[in-house]
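The next block holds one structure in the form of structure tokens; read it before the comments.
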Amino acid sequence: MRIVKIENLKSGLILAEPIFNREGDLELLSRGIRLTDRHIALLKKLDVDHVRIVDEIEELDEEYTNEELLESIVVSNEEEQKQFEKFVEDLEDLEDSHYKSHIRNAVNKQMEINVLTGEGNVPIDVKHKEMVEDTKLVFESLKDSNEIDISKIKSGLKSALPDMIRNSDVLMRLKQLEEGDDYTFEHSLRVAILAANVGKWLGYNDRQLEDLSQAALLFDIGKLKFPEFILKSTKKFTGKEFEIIKKHAQFSYSILLKTRGINSDVKFGVLHHHERIDGSGYPFRIKGNQIHEYAKIIMVCDTFDAMTNDRPYKKKVSPFQAAEFIAWNSGSIFDPKICYVFLSNLSEHYMGKKVLLNTGEEGTVAYVDTNLPNRPIVKVGERMIDLVKEKDVQIVALL
Ligand SMILES: [Fe+2]
């Protein structure tokens, strides 16, 4: 392994360590990835000074054992010790063998793109609110059990789905959902709404929409098996802590495997939600069409919602900045078809939105170029600011 300065990087070199975003909560480039010119441009954009490179791919074979990973967790009181011991038990229970055999059976659906639009903005209806309450109970029950009441989730989603996708102005719908202190739960609800809308834009039928929204509601439930003091930590994760957190996708899948009545499309949508199109994701490093389409949708919606909401250790960015990140990574992290459907449909609702620029000025989106939907023309007073030309100007908030 050697350290290489960014200016000396060449495409084809292999990363020995992952690269995170500035906040440290999103792995942008994984360990083991073969760098391309596009990756090197991204590293320069992130002001990374140097990276570690492996000379032989065999060097990557050393993986941390569970014992090594667990050593990195520091408990500071009795309650944390109790949570930690319970987690060690759950981790031992998580046998690799029971899900690895399922990976080759993944069925990837190629859906026809059928871009639909909806009506105007409507209030959240009572069925949707009931579904939210039921889901909260199901999530809470996971603290003491390893199974979920899937019938509650299924019936809740069935009745809430029309409301979740009725309002095609998803940005306003997400703004309507209050932010509380239960991030995993609220994030899952928002991802389910986003994903259901992407399913609608892709022309999914009712059964597919129900399955997709189930997967998008349950993809992160494995996180509920982690000690709260790790999940709610306001510190940046260390490498080993991040490796432990990565196990949540298998935990989520394992919970679904133990629950009767969940179909395999939903399970694969959950299991694959951190894989990446270029094979740099986890847990299996599968790529392209080996990844279930539901997971491809969830990974876009998961990233978009995580970036556009505040966390204890990072400030949110505007939907425009998050959309730009997704567009930038289309074809490497994210599936290009899903990116296109997601970004083009979202951008239909940018027109007329009030926005705050990084210059401190407020303006209104006056024109959206469909080829560059994340860099619209913004009217500030009598001035028109073209964000395609004014590269330093950014939309930092939707007002
Ligand atoms: Fe996740």
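Yes or no, residue by residue, for (1) charged (D, E, K, R); (2) at pLDDT 80 or above; (3) not assigned by TED's automatic domain parsing to the domain that holds Tyr340:
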residue	(1), (2), (3)
Glu92	yes, no, no
Leu116	no, no, no
Glu140	yes, yes, no
Ser159	no, yes, no
Pro162	no, yes, no
>> Quick check on my filter: what residues within region 257-299 are assigned to a loop (DSSP other than H, G, I, E, B) and either in contact with a Leu (Cβ under 7 Å, 6 or more places away or on another chain) or not assigned by TED's automatic domain parsing to the domain that holds Lys247 (or both)?
In response: Ile262, Ser280
> Any residue at all in region 302-317 that is without any contact (Cβ under 8 Å) to a residue 60 or more places away in the chain, assigned by TED's automatic domain parsing to the domain that holds Ala216 and in contact with a Cys (Cβ under 9 Å, 6 or more places away or on another chain)?
Replying inline: no
>> Can you say whether Glu293 is among the acidic types (Asp, Glu), more than 14 Å from the ligand (Cβ to nearest atom) and either surrounded by 21 or more Cβ atoms within 10 Å (Cβ to Cβ) or within 15 Å of Lys223 (Cβ to Cβ) (or both), as far as the supplied structure shows?
In response: yes
>> Given (1) under 24 Å from Lys315 (Cβ atoms); (2) within 12 Å of the ligand (Cβ to nearest atom), identify the lone condition not met by Ser233.
In response: (2)
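Residue-by-condition table, conditions (1) outside any loop (DSSP other than H, G, I, E, B); (2) within 13 Å of the ligand (Cβ to nearest atom); (3) closer than 23 Å to Glu85 by Cβ:
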position: Val198; (1), (2), (3): yes, no, no
position: Gln208; (1), (2), (3): yes, no, no
position: Asp211; (1), (2), (3): yes, no, no
position: Gln214; (1), (2), (3): yes, no, no
position: Leu224; (1), (2), (3): yes, yes, yes
position: Phe229; (1), (2), (3): yes, no, yes
position: Phe242; (1), (2), (3): yes, yes, yes
position: Gln250; (1), (2), (3): yes, yes, yes
> Given the conditions (1) in a loop (DSSP other than H, G, I, E, B); (2) at pLDDT 75 or above; (3) assigned by TED's automatic domain parsing to the domain that holds Cys339, which single one is not true for Ile73?
Replying inline: (3)
>> Give me the residue from region 252-264 that is more than 14 Å from the ligand (Cβ to nearest atom) and aliphatic (A, V, I, L, M) and, out of that set, surrounded by the fewest Cβ atoms within 10 Å (Cβ to Cβ).
In response: Leu257
>> Against the condition among the polar types (S, T, N, Q) and either in contact with a His (Cβ under 9 Å, 6 or more places away or on another chain) or part of a helix (DSSP H, G or I) (or both), how does Ser332 come out, does it pass?
In response: yes
> Which one of Gly381, Gly363 is out of contact with any helix residue (DSSP H, G or I) (no Cβ under 8 Å at 6 or more places or on another chain), at pLDDT 90 or above and surrounded by 16 or more Cβ atoms within 10 Å (Cβ to Cβ)?
Replying inline: Gly363
> Do we find a residue being buried (at least 24 other Cβ atoms within 10 Å of the Cβ), within 26 Å of Asp211 (Cβ to Cβ), within 16 Å of the ligand (Cβ to nearest atom) and not charged (D, E, K, R) anywhere in region 305-323?
Replying inline: no
>> I'd like the full set of residues that are over 15 Å from Leu398 (Cα atoms) and among the hydrophobic types (A, V, I, L, M, F, W, C), limited to region 369-388.
In response: Leu372, Met384, Ile385, Leu387, Val388
> Taking region 311-351 on its own, how many of its residues are within 13 Å of Val198 (Cα to Cα) and in contact with an Asp or Glu (Cβ under 6 Å, 6 or more places away or on another chain)?
Replying inline: 0
> Do we find a residue being crowded, with 17+ Cβ neighbours inside 10 Å, more than 18 Å from the chain's Cα centre (by Cα) and within 16 Å of the ligand (Cβ to nearest atom) anywhere in region 265-284?
Replying inline: no
>> With the structure loaded, tell me whether Asp335 is assigned by TED's automatic domain parsing to the domain that holds Phe268 and in contact (Cβ under 8 Å) with a residue 60 or more places away in the chain or whether it fails that test.
In response: no
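The values are calculated or read from the model by the stated rules, or taken from the named source; none is laboratory data. Quick caveat: nothing in here was measured; it's all calculated off a predicted structure. No Cβ is skipped: glycine too gets one built from the backbone with ideal geometry, and neighbour counts run over all protein chains shown.
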